[in-house]
Amino acid sequence: MTTPPAPQPRNPLHGVTLEAMLTALVAAYGWEGLGERIALRCFTSDPSIASSLKFLRKTPWAREKVESLYLFMLRETRRQGSR
């Protein structure tokens, strides 16, 4: 019997799917803005959520870039909200 994973209240990525991150980034920056921030063909050439997810799931370094940009976006949103 396995124990459930411990809660991670300090980890903003805990429980957030890659699809949810990508959807939020596209909503915030659009495909063009996302392609400018992270130079990946899946964001610049005929982009879609499905094709981008397929690539990001196979490519750990690209996924890390998306996660980093997502965390940056969260920090910026919080910073603007506290003004």
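The charge dipole of the chain, taken about its Cα centre with unit charges on the Cβ of Lys, Arg, Asp and Glu (plus for the first two, minus for the last two), comes to roughly 240 debye. Only helical runs count toward this figure. For the chain, summing -39,500 (n - 2.57) over DSSP H runs of n ≥ 4 and dividing by all residues gives -22000 deg cm²/dmol at 222 nm.
Potential lengthening of the chain between residue 32 and residue 50 amounts to 4.8 nm, from the contour at 0.36 nm per residue minus the alpha-carbon distance.
A short reminder: the numbers here are calculations on the coordinates, not readings from a lab. Quick caveat, the model's predicted, so the values are computed rather than measured. Counting neighbours? That spans all protein chains shown, and the Cβs are built from the backbone with ideal geometry, glycine included.
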